[in-house]
Amino acid sequence: MNINNYKYIGIVGCYTKEGQADPFESSHGGVPHDRTLVGTGVMAIGVDYDGRLEYVNGGTPIISADELVNPSYLTILENDDGGVGVCIVSELEEGKWQPFKLSASQESITAKPASAPLSSGGAYPCHITSARVVGFDGESKATNLLFICNYGEEEGTLSCFSNQSFNSTFKPEAKFMFGDGSKADLNRQQCSHAHSTSIASTLDPYSPLDICVADLGSDAIVQFSITSSGRVRETGRLAAPQGSGPRSLMFNPQHNHLAIVSLEMTGEVWLIRKRSHDGCLEGIGSPISILPHNWPEPSMTEAQFNRGRWASDALWSADGKYVYAAARLHDSISVFELKYRIDTYRDNSVVAEGLELVQRISTQGRTPRCLCMSDCGNFLLVAHQHSHDVSSFERNEVDGSLLFVDKIQLPNAACVKLIRADKL
């Protein structure tokens, strides 16, 4: 199909080595799956106006495993000149990442390296995100800021890079070490493990950015501030419940004082907020399970894997009204509605009161690792690591519920991000 006939192009990062990112690999031989299938690199898929999926480039990778090994997570960059690029981590002990410039013809997509692979500043980089900032470090033009979470072998780290465009070199700006873990789980929390980063959106491009990092190893959400002058500093920490393992973090796109955190090791989500008087983080009530009551039963295979607790990604809908949280092992998405009231004494600000379960639906695959919502809010895509595919869902804008649409095979799918087809 002509690329112009798609609404979105999905860029999918896939593990190119077997047995990756599975905490049960050494103790239980890993979650059962077909190990004969291994990812071949970074893939491109088309998403039509009904949410149906098709291979682009005939199902061959746009970035092969020979070019970049274990391309497990990526972020999309859009420059002022109209160019679109992708930055991808190589999740290995000697962590690397690499930027690519994307271009499209009527029938295919090409990814051209914008530089040689760069050091990620740590081991096993597992997450990368970006922000576009005006006036950073005295520059008059907009600057791309990249934040990479290195899960780490002995300590988690956060690395920050910047550049002006794909015609300029990315330079390192800052690196932070997270230290010891909480040791609540001696197998997984001996040291810190930086797992994901979220940036609080702001209407003023000159104001400081709020960046928060989910540290699975230390059971904490670590808060940073980056000013337009280029200064980076830690501003606070929110302690998560012991042994919960914060994994995924996202600020609400409409109410940037609210965020959702997935707690991998307890199979929960946690609604948090920035306090208005000092900007520090605090929890709103207790975490909420994303699993059915009394699941799994002791006799079930899933019970041997941390009692079935293995949460992955969590995100907001574009309208900020709903949360979507994935549970590996149970292989489901729980949909929650944000319950809130309007405080007329504080400029009609939203006061969050909690989350209410709307739906729990099968992801139509095994081990949902990454969720991606389209910017129009109509579609949700799920990357499945162990059933080797990506599934698509149509989203009901009225009640937030999901309806399965389609599925496409992609071995060891780890991450999927969407670009509007008309931007390529």
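So, in the stretch 143-172, how many residues would count as being more than 17 Å from G95 (Cα to Cα) and open to solvent by 10 Å² or more (accessible area, probe 1.4 Å)? Give the steps one after another, and end with the answer.
Step one: list which residues in the stretch 143-172 are more than 17 Å from G95 (Cα to Cα), which gives 143-145, 162-169.
Going one step further and asking which of them are open to solvent by 10 Å² or more (accessible area, probe 1.4 Å), we end up with 164-169.
Result for the stretch 143-172: 6.
Residues that are touching a Lys or Arg at 6+ places or on another chain (Cβ under 6 Å) and surrounded by fewer than 23 Cβ atoms within 10 Å (Cβ to Cβ) within the stretch 406-420 comprise just one, D406. Counting only strands (runs of 3 or more DSSP E) that sit completely within the stretch 224-263, those holding 2 or more residues that are more than 17 Å from the chain's Cα centre (by Cα) correspond to 232-239.
Out of curiosity, is A303 of a type outside the set (V, I, T), surrounded by fewer than 23 Cβ atoms within 10 Å (Cβ to Cβ) and modelled with pLDDT of 95 or more?
Yes: the conditions hold for A303.
When the stretch 383-417 is filtered for residues that are under 12 Å from L53 (Cα atoms) and of a type in the set (A, V, I, L, M), the ones remaining, listed by number, are V390, V405, I408, L410.
Here V323 fits the description: open to solvent by less than 20 Å² (accessible area, probe 1.4 Å), touching a strand residue (DSSP E or B) at 6+ places or on another chain (Cβ under 9 Å) and either in contact (Cβ under 8 Å) with a residue 40 or more places away in the chain or not in a strand (DSSP E or B) (or both). Within the set E297, E282, the sole residue that is in a strand (DSSP E or B) and either over 19 Å from D210 (Cα atoms) or among the charged types (D, E, K, R) (or both) turns out to be E282.
Residue by residue, here is whether (1) hydroxyl-bearing (S, T, Y); (2) open to solvent by 70 Å² or more (accessible area, probe 1.4 Å); (3) in a strand (DSSP E or B) holds:
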{"site": "A21", "(1), (2), (3)": "no, no, no"}
{"site": "T36", "(1), (2), (3)": "yes, yes, no"}
{"site": "V42", "(1), (2), (3)": "no, no, yes"}
{"site": "D50", "(1), (2), (3)": "no, yes, no"}
{"site": "E67", "(1), (2), (3)": "no, yes, no"}
{"site": "I76", "(1), (2), (3)": "no, no, yes"}
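The set of residues in the stretch 328-356 being of a type outside the set (F, W, Y), more than 22 Å from the chain's Cα centre (by Cα) and either at pLDDT 95 or above or open to solvent by 50 Å² or more (accessible area, probe 1.4 Å) (or both) consists of K339, R341, I342, T344, R346, D347, N348, E353, G354, E356. A count restricted to the stretch 81-93 and to residues that are farther than 15 Å from D422 by Cα and either β-branched (V, I, T) or open to solvent by less than 40 Å² (accessible area, probe 1.4 Å) (or both) stands at 6. Looking across V47, V12, V56, V42, one residue alone is at pLDDT 95 or above, more than 20 Å from the chain's Cα centre (by Cα) and closer than 18 Å to V390 by Cβ. It is V56. Scanning the stretch 115-127 for residues that are open to solvent by less than 10 Å² (accessible area, probe 1.4 Å) and without any contact (Cβ under 8 Å) to a residue 60 or more places away in the chain turns up at least one hit.
A single member of K112, K96 is out of contact with any helix residue (DSSP H, G or I) (no Cβ under 6 Å at 6 or more places or on another chain) and surrounded by 14 or more Cβ atoms within 10 Å (Cβ to Cβ), and it is K96.
The values are calculated or read from the model by the stated rules, or taken from the named source; none is laboratory data. Everything numeric in this text was worked out from a predicted model, so none of it was measured. For neighbour counting, all protein chains shown are included, and Cβ atoms are generated from backbone atoms with ideal geometry for every residue, glycine included. Surface areas here come from the heavy atoms of the whole protein model, side chains and all, with no ligands, DNA or RNA. Shrake-Rupley method; radii C 1.70, N 1.55, O 1.52, S 1.80 Å.
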